[in-house]
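See structure below.
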Amino acid sequence: MKKFALDAIDIKILNAVQQHGKMSKFKLAELVNLSPTPCWVRLDKLKKIGVIKGYQGQINLDQLIDFTKVIVTVALKTHKKSDFDRFESYIQQIDEIVECYATGGGSDYVLMVISKNLHHFQSLVEQLLTDEIGIDRYFIYIVTKQVKAAPPNLLTLLSD
């Protein structure tokens, strides 16, 4: 379900921002085939309603350091709201956990962990278990190669 009414030009603006990041109003206008001032007004509207959360640079860590990326699935011992709150609050504090998704099915959470090496990752897991945050069981999947990482295709998602 769409939360905001967007027209084709709004979607083109979002797509351009997603693909190219922050740019001049002239470059954006050129990409979406609209004059600069109306294009900028639309961009401001999209920012104000919260559709554009920000602009980030994509850093290629592989060019900087060797690191270990691990996907971890976690099931909690009990399933009270306070259990989920405690776990989620704790996870927010750990820099190495770069993504955390609450899930349905066999696991309660899926985590993406980036650490210096496997030894550092193991120390992190031991700390999670020592701190008694309600973990019943966990499974780890060491990432050996990233096959695909892409933002969602807005033109496909937002089309009727």
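Computed quantities for the displayed model
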read-out: Computed [θ] at 222 nm, helices only, for the chain once each DSSP H run of length n ≥ 4 contributes -39500 (n - 2.57); value: -11500 deg cm²/dmol
read-out: Charge tally in the Cβ shell below 14 Å around residue 109, where Lys, Arg are +1 and Asp, Glu are -1, residue 109 excluded; value: -3
read-out: Mean projected area (nm²) of the alpha-carbon convex hull when the range 72-160 is viewed from all directions; value: 7.8 nm²
read-out: Given charges at Cβ of Lys, Arg, Asp, Glu: the chain dipole, positive-most of 61, 117, 35; value: 35
read-out: Average projected area [Cα convex hull, the chain], square nanometres; value: 12.4 nm²
read-out: Alpha-carbon centroids, the range 19-44 and the range 105-160: separation in whole Å; value: 36 Å
read-out: Computed magnitude of the charge dipole of the chain (debye, nearest 20; Cβ of K, R +1, Cβ of D, E -1); value: 760 debye
read-out: Mean Cα-pair separation over length for the range 61-142, i.e. relative contact order, pairs under 8 Å, 6 or more apart, %; value: 48 percent
read-out: Gyration tensor (alpha-carbon) shape descriptor, the range 25-91, a/c threshold 1.5; value: oblate
read-out: Fraction of the pair-distance distribution of the range 8-56 above 13 Å, Cα-Cα pairs, percent; value: 48 percent
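Where a number appears in this text, it was derived from the coordinates with a stated rule and is not lab data. What you are looking at is a predicted structure, and each value in this text was computed from that prediction instead of being measured. Cβ atoms come from the backbone with ideal geometry, glycine included; neighbour counts cover every protein chain shown.
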